[in-house]
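Nothing in this text is a laboratory measurement; each read-out follows from the coordinates by a stated rule. Predicted model only: the values in this text are computed from it and were never measured. Every residue, glycine among them, receives a Cβ derived from its backbone with ideal geometry; neighbour counts consider all protein chains shown.
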Amino acid sequence: MGTEQDRKLERLLDLLAALLEARDPKARVELQRLVPLYPEDDVAARRAFSRDIEALARMGVPVEVVDGQVPAYRVQREAYELPDPGLTDEEAAALHLALATVELDLPEGSPAESLWKLTGGAAERITAPSGSTARLPGSEHLAMLWAAVNARQPVRFGYKAELREVEPWQLSCQRGHWYLQGLDRSRAAQRLFRVDRIEGLISPVGAAGAFFRPADAGPAVPPPPWLLGDEVRYEARLWVDADQAELIRAAGSFEVEERRPDGSVVLSVPVANPEAFRSFALTLLDHAEVLGPPEARADVVAWLETTAR
Amino acid sequence: MTRRTSADDRLRRLLALVPWVAARGGADVEEVCARFGCTEGELRADLELLFVCGVHPFTPDALVEAWLEDGRVHISYADWFRRPLRLTPAQGLVLMATARALLSVPGTDPTGPLARALDKVAVAVGAEPGEGVEVELGEADRGVLADLQTASAAGRQVELAYYSFGSDRFTTRLVDPWLLFSSGGSWYLRGLDHQTREARHFRVDRVRSARVTDQPFERPAELGPTEAYTRRPGDPVVVLDLDPAASWVAGSHPVDGVDELGGGRLRIHLPVSEPGWLARLLVRLGPLATVVDGPPELVDLGRVTAARLLERYR
């Protein structure tokens, strides 16, 4: 470990102490007077100072920057300090286990550091039980959206080549994708957005605390693809053989219109997106057949004829 | 340890370590090192810096006191750092999402220690308990998932009624259930398949039933990959041209290569684990995809499958 790094660490510690100690926001030159570890050269000092502020902000220190003739800085204690969650040993162990079992890799999301803060780490290494582990997909947008959900902060982002203004209600991870549920102000309607399809940057709009998630918002779960559309076009009748019927039943809720003696079933499926329904039916290969309505059956036949050619 | 720690990393550690030690009026060096993942040498170096840290005018009353003595760490007058720094939004989300994910698994007590911890953490990170984030690890029959967990935890072999998507058949398999994992929104069982004597993955939503036997098994030290699909060296590759409307295929399956053909069309080199899997993909894509190269039995697979399915509709 070089002395260069030691000096930087000492400077960061002293700067943070000075920012926490400050009753009023303080300008850079004043902070440099209080923390006499900056280079004498003003240009170098300025550069080192802004790098330090960035480093503190990156690790989550709420550095307040007050604009004036020159910017002034401080850190408010209430914003800095983690309230004691009052976890029992048993609860702390349960959190350790959860973080050892389920993996979600986000920038600045280090679970080890979270546990240091919340529980003082673990005296013994906690590993996942041999039973199960899970991995959730990461996304650069998640932390920002999560902060916006908690602050009830409206946001703006690009989606399907349009700029949307959204009141973010809830994040959910379903079928391997993250979704944001919220009110799309541009359309005055509740929407579900795939987080990995958000285009560009997310920016706040207006003040925080601007809305409430309605109690009847419902689960933030994407409907099956064949229900993604403006209106239900028809109720399709889908025959499924006995083997697949059992698996399908476990995978989602389907209305069974008819049970046949051989164990096969006829499902009644509302369809808003005929292409997605056709894909679903074809993925079942020989285990399924679209019985009706005639337009749905004709669509499958035409598709198969083109494919068989 | 040759891992290099940066000044930032050391600061993060100190900001968590200082309040923890100070609140206890001292702690054993060994325990501090174990909890905060550092060596005694690293701890000593950090404490030496902490000792000269403080605020202007840096008189003794404005400095932190920190020292090591008889195998114990002492820290006092560190009032600026009396509490740990708040969690970053990402850290808060990781905690809430992982805990909620685990709570969605059958067998987790919905009012147990984890649920109580989650409520307390929600308050500490400024979130509404029970709101903000939902996680579903995979759709699977909860009874089957619970049986597989039982078998895996108890070290018993299981007999599966398993539908193989690739070969499109139900088979009965005897499996050593090494590990259950969720990836890409589906649950998988990884274990030794007695029939082939090979380690493999089983999708839990394709298990119709699981019977826990009384036969024990040995779990190997190395369990292998927990990825939904791992490329096997012998897997054949097909070259597939995709219309713009089918370009999502390139992003949702592991591919060996993607070439742009112009006009939004793509050419992908797609490894195929099982012919049944490719058959489904090809009938689903229909005219939006063309197999331009690959083993003969795969080149015609889409056409052959479509013709066979068409019979049913005649």
Q: Express in whole angstrom the spacing between the alpha-carbon centres of the stretch B:43-96 and the stretch A:52-86.
A: 17
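Dipole magnitude of chain B about its Cα centre, charges +1 at Lys/Arg Cβ and -1 at Asp/Glu Cβ only, in debye to the nearest 20? Please list the in-between numbers first.
Values: 37 positive and 44 negative charges, 171 e Å.
Dipole of chain B, to the nearest 20 debye: 820 debye.
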Q. When chain B is treated as a GNM, springs tying every alpha-carbon pair under 10 Å, which of B:VAL55, B:VAL125, B:VAL175 comes out with the largest mean-square fluctuation?
A. B:VAL55
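Looking at the stretch A:1-85, which trypsin sites (Lys or Arg not before Pro) are in a loop (DSSP not H, G, I, E or B) and have at most 12 other Cβ atoms within 10 Å? Walk me through the intermediate numbers first.
Numbers: sites: A:ARG7, A:LYS8, A:ARG11, A:ARG23, A:LYS26, A:ARG28, A:ARG33, A:ARG46, A:ARG47, A:ARG51, A:ARG58, A:ARG74, A:ARG77; in loops: A:ARG23.
Here the sparse-neighbourhood loop sites are A:ARG23.
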Q. For the stretch B:78-128, which trypsin sites (Lys or Arg not before Pro) are both in a DSSP coil and crowded by at most 14 other Cβ atoms within 10 Å?
A. B:ARG82
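Rounded to the nearest 500 deg cm²/dmol, what is the calculated helix-only ellipticity per residue at 222 nm for the protein assembly as shown, with -39500 (n - 2.57) per DSSP H run of length n ≥ 4? Don't jump to the answer; show the numbers that get you there.
Numbers: 20 runs with 225 residues, N = 623.
Theoretical 222 nm ellipticity from helices: -11000 deg cm²/dmol.
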Q) Separation of the stretch A:4-36 and the stretch A:214-262 by C-alpha centroid, Å? A) 61
**Q.** Net +/- balance of residues flanking A:PRO219 in space, Cβ distance below 15 Å, scoring K and R +1, D and E -1
**A.** -1
Q: Could you check the simple spin-label distance between B:ASP293 and B:GLU311, using points 7 Å along Cα→Cβ, in nm with one decimal?
A: 3.3
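Shape call for the stretch B:101-142 from the C-alpha gyration tensor, a ≥ b ≥ c root eigenvalues: rounded (a/c under 1.5), prolate (a/b greater than b/c) or oblate? Kindly include the intermediate steps, with their values, before the conclusion.
Numbers: a/c = 3.75, a/b = 1.67, b/c = 2.24.
Cα axes put the stretch B:101-142 in the oblate bin.
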Q) What shape does the protein assembly as shown take by its C-alpha gyration tensor, where a ≥ b ≥ c are the square roots of the eigenvalues and a/c under 1.5 counts as rounded, a/b above b/c as prolate, and the rest as oblate? A) prolate
Q: Please get the size of the charge dipole for the protein assembly as shown, origin at its Cα centre, with Cβ charges of +1 on Lys and Arg and -1 on Asp and Glu, quoted in debye to the nearest 20.
A: 780
(Q) Suppose the chain between A:ARG58 and A:LEU228 were pulled fully straight at 0.36 nm per residue; how much longer would it get relative to their current alpha carbon spacing? (A) 57.3 nm
**Q.** Positive-pole candidate from B:ALA199, B:LEU118, B:LEU15, dipole of the protein assembly as shown, charges at beta carbon
**A.** B:ALA199
Q: Decide, for the stretch A:3-80, between rounded, prolate and oblate: order the square roots of the alpha carbon gyration tensor eigenvalues as a ≥ b ≥ c, take rounded if a/c falls under 1.5, and otherwise choose prolate if a/b is larger than b/c, else oblate.
A: oblate
Q) Label 7 Å along Cα→Cβ of B:ASP235; the stretch B:274-293 residues with amide nitrogen under 13 Å? A) B:274-278
**Q.** Percent of C-alpha pairs per 5 Å bin, the stretch A:226-308, short to long
**A.** 3, 15, 26, 27, 17, 9, 2, 0
Q) Simple spin-label model, 7 Å along Cα-to-Cβ: B:ALA23 to A:ARG47 in nm? A) 4.1
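Please figure out what share of the DSSP beta bridges in the protein assembly as shown is antiparallel and state it in percent, rounded to the nearest 5. Kindly include the intermediate steps, with their values, before the conclusion.
On the way: 95 of 104 bridges.
Of all bridge pairs located within the protein assembly as shown, approximately 90 percent are antiparallel.
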Q. Assuming R0 = 45 Å, what is the FRET efficiency of A:ASP24 and A:VAL221, from their Cβ-Cβ distance, to the nearest 0.05?
A. 0.40
Q. Nearest 0.05, what FRET efficiency do A:VAL70 and A:ARG191 give at R0 = 35 Å with Cβ-Cβ as r?
A. 0.20
Q) With axes computed from alpha carbons, what is the tilt in degrees of helix A:89-101 against the longest principal axis of chain A, rounded to the nearest 10 within 0 to 90? A) 60
Q | Modelled FRET efficiency - R0 22 Å, B:ASP243 with B:GLU274, Cβ distances, 0.05 increments | A | 0.35
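Tell me, what are the semi-axes, in whole angstrom and largest first, of the equivalent ellipsoid of the stretch A:132-226 as set by the roots of 5 times the Cα gyration tensor eigenvalues? Display every interim value, and only then the final one.
On the way: eigenvalues 82, 45, 41 Å².
Working from the Cα gyration tensor, I get semi-axes of 20, 15, 14 Å.
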Q: Please determine, in degrees from 0 to 90 and to the nearest 10, the orientation of helix A:3-21 with respect to the longest principal axis defined by the Cα atoms of chain A, where the helix direction is its Cα long axis.
A: 90
Q.
Could you tell me the center-to-center distance, by alpha carbons, between the stretch A:133-185 and the stretch A:89-103 in angstrom?
A. 25
Q. Taking only Cα atoms, what is the 0 to 90° angle, nearest 10, from helix A:242-251's long axis to the longest principal axis of chain A?
A. 30
Q.
Along the Cα→Cβ direction, 7 angstrom out, place labels at B:LEU68 and A:VAL301. What is the inter-label distance in nm?
A. 8.3
